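The values are calculated or read from the model by the stated rules, or taken from the named source; none is laboratory data. Predicted, not measured: the structure shown is a model, and the values here were computed from it. Note that we place each Cβ from the backbone using ideal geometry, even for glycine, and neighbour counts take in every protein chain shown. Calculation scope for accessible area: heavy atoms of the full protein, side chains included, ligands and nucleic acids excluded. Shrake-Rupley method; radii C 1.70, N 1.55, O 1.52, S 1.80 Å.
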Amino acid sequence: MAAASSSAAACFLSPSPPPRPRHHSIKHLACAASRSPSPGPSSSRSLALPSPSASASPWPWPRRLRDLLPDETGRILSSATGSLIVALASAALILGDAGSASAFVVATPRKLQADELATVRLFQENTPSVVYITNLAVRQDAFTLDVLEVPQGSGSGFVWDKSGHIVTNFHVIRGASDLRVTLADQTVYEAQVVGFDQDKDVAVLRIKAPTDKLRPIPVGVSADLLVGQKVFAIGNPFGLDHTLTTGVISGLRREISSAATGRPIQDVIQTDAAINPGNSGGPLLDSSGNLIGVNTAIYSPSGASSGVGFSIPVDTVGGIVDQLIKFGKVTRPILGIKFAPDQSVEQLGLSGVLVLDAPPNGPAGKAGLQSTKRDSYGRLILGDIITSVNGAKVTNGSDLYRILDQCKVGEKVTVEVLRGDQKEKIPVILEPKPDES
């Protein structure tokens, strides 16, 4: 058994030399046959074979083979062999000018299936729209005190329009002192930040590139997506530019938290297409090559792709990008409160959002919502617990954010709170964030 195993391993690791190409021997045989002289009596005598009849084949070795075999078998075999050699001799004469190594070798074109051709076409058509973003940070050398720009991260993005706007994730550009965008033709441009939305992890950059080098990505719709349909992700994982991965939509209407603010992002697309560090900000495409999402996060204990990736739907991204291009910011309404973690409220056996702080100059403070505080003896007095907004039930912080995302700045909403043992309805006028006003 040991000998057999070592022999098998040796065969696998050290393959035997390739067999001699068949067309070499065939061509050699045909040419030799064409050059062979007519057999004479001396050749027959040297082999001690009987003399051939008048109808014998003109070729030496088929005639002798027929003489060595029974009559009927020899006649059939001689006729077939003679025909084969004549055909090969003709082919050798026709292909005589071709090299000996390629005389009988026919190269067949590569054949791809229809779905493979569609994938190749999708990648070729959308690759020019995907860019590579390098995040540079200023560092001071500890010995020379020289100020240097060093890469602190990288990501992906895509061309939004012919004006040079590039869409990516906010966490790709966060903390950058300088940004560089590399197009598909490897030309590099300095980029300026137009605006960003930390809550939804979206940012817009702008580069000054010729319009003929900018190919905007076709924008699709994410409202009618279905679980199971094929999707394609193009990005730059680990710095490997323009990498294509495929998968399907694994789930819809997922919820993740923003990496910058912790605010929930609703209606997120879940996919099993491989998304790795460096894919952030890249496009998620449907089978028609239309943008349906922006790759933003993965669920992985190791930091590498585990088959659970998340993309912000294009319907959400489109509205944010339009506001950022027009105003440089996103105007989003707030209540102006700080609330307790959901786990703390659950431990109290309550349902809703517990108000920890409602500054008097904020919308909730102006409306009269009460904060959590301590009395003169140090005992904790719970503040208002928000149970609904405009009739929509609020059980946790995500519900509150989801309702506020559907409201506008300046809108008056009715906030129902639990104050002690009584429920009260308080009108509140929503205001923008202080740093966005």
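Observations, loosely collected:
- Subset of segment 321-338 [assigned to a helix (DSSP H, G or I) and open to solvent by 10 Å² or more (accessible area, probe 1.4 Å)]: Asp322, Gln323, Ile325, Lys326, Phe327
- The number of residues in segment 279-300 that are farther than 19 Å from Ile265 by Cα and either open to solvent by 10 Å² or more (accessible area, probe 1.4 Å) or outside any strand (DSSP E or B) (or both) comes to 5.
- Contact map, segment 400-425: first residue not assigned by the TED database to the domain that holds Asp384, second residue exposed (fewer than 13 other Cβ atoms within 10 Å of the Cβ), Cβ cut-off under 8 Å, separation 6 or more or different chains; the map is empty.
- Selection over segment 369-421 of residues that are of a type in the set (A, V, I, L, M) and within 13 Å of Leu335 (Cα to Cα) gives a count of 9.
- Tabulated pairs, segment 246-269, first at pLDDT 90 or above, second of a type in the set (Phe, Trp, Tyr), C-beta under 6 angstrom, 6+ apart or interchain: Thr246/Phe232; Val268/Phe310
- Sole residue being in the same structural domain as Leu284 (by the TED database) and not polar (S, T, N, Q), chosen from Val317, Val345: Val317
- Val221 vs. criteria open to solvent by 70 Å² or more (accessible area, probe 1.4 Å), under 25 Å from Thr127 (Cβ atoms) and out of contact with any Pro (no Cβ under 7 Å at 6 or more places or on another chain): yes
- Pairs meeting the criteria (first residue in segment 208-228 and without any contact (Cβ under 8 Å) to a residue 60 or more places away in the chain, second residue among the basic types (Lys, Arg), beta carbons under 9 Å, at least 6 apart or on different chains) are Thr211/Lys162; Leu214/Lys162.
- Which numbered condition Leu244 misses (of (1) in the same structural domain as Leu284 (by the TED database); (2) of a type in the set (A, V, I, L, M, F, W, C); (3) open to solvent by less than 50 Å² (accessible area, probe 1.4 Å)): (3)
- Test: residue in segment 222-238 that is closer than 30 Å to Phe339 by Cα and not small (Gly, Ala, Ser): no
- Lone unmet requirement of (1) over 30 Å from Ile234 (Cβ atoms); (2) out of contact with any helix residue (DSSP H, G or I) (no Cβ under 7 Å at 6 or more places or on another chain); (3) among the aliphatic types (A, V, I, L, M) for Val394: (2)
- Within the set Leu430, Leu369, Leu335, the sole residue that is touching a residue at least 24 places away in the same chain (Cβ under 8 Å) and more than 45 Å from the chain's Cα centre (by Cα) turns out to be Leu369.
- Residue list for segment 224-241, restricted to those being closer than 19 Å to Gly278 by Cβ and open to solvent by 20 Å² or more (accessible area, probe 1.4 Å): Phe238, Gly239, Leu240, Asp241
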